[in-house]
Structures are given as structure tokens and as C-alpha cells.
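Below is one structure; the comments refer to it alone.
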Amino acid sequence: RRGSEFNVERPASSTTPAAKPAAASTTRSMLELVGKAVPPPSGKGHALPSWGGSAADLDDLVGGEQVEQKPGPDAKKPRREETASAVLPSQPADTSPEAAMAASVSDAASAADGVDEIIAAAPRLAQHIASVKKFNKVAAMVYSLFERGRVTPDNASAVFSVLRAGLSNPRACRARELAVAYRRLYTAACARDALFSPAERQAIDVWNLGVLTQMDLVTDDTFQFAAAVRRVKARLEMFPCIYPALEPEGSKHLPVAERRLWVGALFDCIDAAAGQHKYAWARTSVDVLIKAAVERRQNFSEEQQSDIQRWNAMCKGQKIVRQQQAARERSAKDLTSFERKEKEWREADISTNGGGGDAGGIDKWHANN
């Protein structure tokens, strides 16, 4: 029989433990809880910037890259209402039929007013695309105009001025961080050259060699490099040789007025190819290209001719070294066993005295052999 003191039940606690908040099961749900933008599920990065024809998109380019400033210890925390709009994910573009109709009405109204947004914005785009820090973003905007069919024969000249400004430094396309944007933009322009005037189409044809082929030369792919060298050599052979005896049979030359348009692009390609001469797999192709350039060196400026002669001397010097190395290896294989031993004796370090020393003397040499 238990005492009454043991049968007294413990009173229920007045305070109940707070329920634990449900933890997010995935990283995506955690981002949604804090209000941050969720990265795309494909993992291929952010979408390319595009330009819809408004001046607000161009205003974002002013000022260049802004560095994020971290708040100091004395900085006040922003209000909750002020940060709510900053952390919310960006809303996707409205692709409904009503939005498309509204955009077409806006374009029609602009056309009725005689205003073309691309023509009006071309000077600002040309100014910003010349900057290395802004090139990728502006190139993506202009590329979006090509893809969406916004470039027409009426505004193609304005777009051409932007493309020309992007080549203010013709060798910038070799940079690894700009290569993708250069290839995407100028490939789109070359594929739609029918929109441009005849003079502009000729310049775009030169860009096909000076940009796209030059980028193909800066590679570690043997087949891509060899194909690019063949394209450059084929265009180079359309220039006359310095001596008529060097001319191949059936060669056809460009008109004199057109040659000056190709000289710069050809020289940039030759320079890119010469930079690959350090690799054994590229030396044969580079030697052939440099030889063709030397035979037509009078078509280039004096400064360019000096560079071509320097590359030619480099190719010849390394070719002689390779030939000498091959000759030594071939002669070593052709020797008999007696000739190899005789060569070893001839080069042996021995002395005629009977003393010691490092060589050990001729007596020790006879004893060892």
C-alpha cells in the first residue's frame, strides 16, 4: 500500500515548449524563406542581358562596374520595408499575348513618330562597347537584337557602327574572358550580312577573317588550327608576290583598292599563328604561313615587314636546330658497335701519366677495360 504522498500527480507545467520551426528541406526552399532569388535549376548561369529598346537599359551601362560596399560597424540597419523589395527575386518577363500586342503597338507608335530606338541608341552603344569592362554586356544586347529580328535594312547601318566600335582593338578577341561574346556577336552579324549595304558586307567579310579566324588560331586543337591557317594562307595568296617567279600558276589577285582592307586582318592572323610556334604540333603550319607572308611582304607596312622578317628568322633558326638534331640521331643509329666503342674511347677522359687523379691514369684505364 502506497502512501498518499506517492500518489500525488505532478501538476502540469504552465509553460509549454515552443514548437520548432520546420526546417527547409532543400537549399532552394531556404532561399525562398529568406527572400533571395533562386538560381536557375539548369546550373548554366544567368541569362544573357537583352535590350528591349528602352533608354533605361542603356542607363545601366553608365558608370561601369560598381564595387559592392560593405557596411561599417556603425552603419544603421535598413528598415524591413526598404529591404523587402531588394531581396525579392526578379519577376520573369511577361510573355503573354497581351504583352506582345502592347510591345508591337509601342513599336508601331515609335515608327509612326519616325523614331527608331536602335538608331537613337547606337552612339551610346558604340561608346560603351569599346570599353573592355562593358563589352560582354553590350555585345549581349546587340546579339539579342539580331536574334529577335529587330535589326532591319533601315537600322542596319546604325548596328554596323556599333560592331565597328567593338573592334577598336582588333586583338581583344583573343582574351579568354571576351572570346565567347566576340564569337557570338560577330557570328550573328556574318550570318545576317544581307541586311547591310554592299560596302558594309565587304567589311563584315573582313571581320569574318580578322575576328573569327583569328580566334580559331588561338587554340590547342590541332585540326582547328590547321584549318584556320589554310584559310589565312588562301586569302594571303590573293596578294602578289614580291618576285614574279614566286607566283604560283593560275593565281588571281585582289584589286588594289581592296587589298588595304585585308592587310590589317591578315597581319593580326599571322601574329596569332606565330604565337603558336612554340608548340611542336603547330610549327609546320606556321612555317608554311610565314613563308607565304615573306614572299608577299611588300604588301605590308614597314613595321609589319620587320615583324614578318623576325618571325621568318625564328622559323628558320628552329628549323636548322631540328635538322641538326635529326642528323645526329640518324648518324648515331648508323654506327656499328666498333664505331660506337671507338667514339666512346675518343671522348674518354684519360691521362698518359701513371699517377692517380680523377681519371685514374692510363694504367687504371687499361685495368678496367
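We did not get these values from a lab; they are worked out from the coordinates using the rules stated. Predicted model, so just to flag it, every value in this text is computed and none were measured. Neighbour counts are summed over all protein chains in view; Cβ atoms, including those assigned to glycine, are modelled from backbone coordinates with ideal geometry.
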Report the charge-dipole magnitude of region 113-234 in Debye, nearest 20, computed about the Cα centre from +1 at each Lys and Arg Cβ and -1 at each Asp and Glu Cβ. 440
With Cβ to Cβ distances under 15 Å as the rule, what net charge do the other residues near D193 carry (K, R +1; D, E -1)? +1
In percent, what relative contact order does region 257-311 have, based on Cα pairs under 8 Å that are 6 or more apart in sequence? 31
Taking +1 at the Cβ of each Lys and Arg and -1 at the Cβ of each Asp and Glu, which of L212, M314, L289 sits farthest along the dipole of region 207-337 towards its positive end, judged by Cα position relative to the Cα centre? M314
Which net charge results for the neighbourhood of C241, defined as the other residues with beta-carbon distances under 10 angstrom from its beta-carbon, given Lys and Arg at +1 and Asp and Glu at -1? -1
Loop sites in region 271-331: trypsin sites (Lys or Arg not before Pro), DSSP, at most 11 other Cβ within 10 Å: K278
Taking the mean number of other Cβ atoms within 10 Å as a proxy for protection, how do you rank 187-200, 137-150 from highest to lowest? 137-150, 187-200
Members of K133/K233; K278/K316; K252/K319; K233/K316 lying beyond 23 Å, as alpha-carbon distances in this model show: K133/K233; K252/K319
Rounded, prolate or oblate for region 188-291? Axes are the square roots of the Cα gyration tensor eigenvalues, ordered a ≥ b ≥ c, and the cut-off for rounded is a/c under 1.5. oblate
Under the 0.36 nm per residue contour assumption, what length would be gained going from the current alpha-carbon distance of S251 and W345 to full extension? 28.0 nm
Förster radius 30 Å - calculated FRET efficiency between A234 and A120 (Cβ-Cβ, nearest 0.05): 0.15
